[in-house]
Amino acid sequence: MSTDLDTRVTEFIHRVMGAMGLSLSTEQEETTDHVRINLTGDGAEVLLRRKGEVLDALQVIVNTVFRRDARGDRHYVIDALGYRLGKDAELRQMAKFLIDKVKLNGAAQEIGPLNPYARRLVHLVVSEDEAVTSESIGDAFLKTIVISPR
């Protein structure tokens, strides 16, 4: 991963936050498939209003501005005050619950509507179990995932 690209992303986030009247600290954490940028500081909770819609929008903007051709297959995950970490854990737990339900009764289960980031998490959890498969349905930004037996 390019440190120059990471620096440009961080500077971009600081400019957007500055335009919102926020002065937040950023910390980058590199994982195997994404770079997590954690935002902290006074006023960071404004990003979490309305179920984190501002946080989701910022993540979409960052990943749109800094396209995959410059960063490969990796993407940026924007978090504030650990909000997304908690929501990710809840979503993974829900996906595992639905997988167990599919395996128990054989009927397909739906979860959603979900944004692209959330759908990716669910698909990754489903891919860990060979007894089930998942598919996104819908033609809008928010789509539903159907988990069904193989």
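The values are calculated or read from the model by the stated rules, or taken from the named source; none is laboratory data. Quantities reported herein were computed from a predicted structural model and do not represent experimental measurements. Reconstructed Cβ throughout: ideal geometry from the backbone, glycine too, with neighbour counts over all protein chains shown.
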Please determine, by comparing only the residues of segment 21-37 that are more than 15 Å from residue 59 (Cα to Cα) and among the hydroxyl-bearing types (Ser, Thr, Tyr), which one is surrounded by the fewest Cβ atoms within 10 Å (Cβ to Cβ). 32
Which one is farthest from the chain's Cα centre (by Cα) among residues in segment 1-28 that are at pLDDT 90 or above and among the acidic types (Asp, Glu)? 11
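Anything in segment 89-99 that is of a type outside the set (Val, Ile, Thr) and surrounded by 13 or more Cβ atoms within 10 Å (Cβ to Cβ)? List them, or say none.
If we filter segment 89-99 for residues that are of a type outside the set (Val, Ile, Thr), which is where we start, we get 89-98.
Passing the criteria: 91, 92, 94, 95, 96, 98.
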Among all residue pairs at least 6 apart or on different chains, which show Cβ distances below 6 Å where the first residue, located in segment 88-110, is closer than 16 Å to residue 127 by Cα and the second is surrounded by 16 or more Cβ atoms within 10 Å (Cβ to Cβ) and charged (D, E, K, R)? 99/129
Does segment 111-136 hold any residues that are under 18 Å from the mean Cα position of the chain (by Cα) and among the aliphatic types (A, V, I, L, M), and which are they? 111, 114, 118, 121, 122, 124, 125, 126
Can you tell me how many residues within segment 19-66 are of a type in the set (S, T, N, Q) and assigned to a helix (DSSP H, G or I)? 3
Might you check whether a residue that is under 24 Å from residue 6 (Cβ atoms) and more than 16 Å from the chain's Cα centre (by Cα) occurs anywhere in segment 80-103? no
Filter segment 119-150 for residues that are in contact with a helix residue (DSSP H, G or I) (Cβ under 6 Å, 6 or more places away or on another chain) and aliphatic (A, V, I, L, M); which is surrounded by the fewest Cβ atoms within 10 Å (Cβ to Cβ)? 131
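Pick out the one residue from 8, 36 that is basic (Lys, Arg), closer than 19 Å to residue 87 by Cα and touching a Phe, Trp or Tyr at 6+ places or on another chain (Cβ under 9 Å). I'd like the intermediate steps shown before the answer.
Working: 8 fails: closer than 19 Å to residue 87 by Cα.
That would be 36, the only listed residue that is basic (Lys, Arg), closer than 19 Å to residue 87 by Cα and touching a Phe, Trp or Tyr at 6+ places or on another chain (Cβ under 9 Å).
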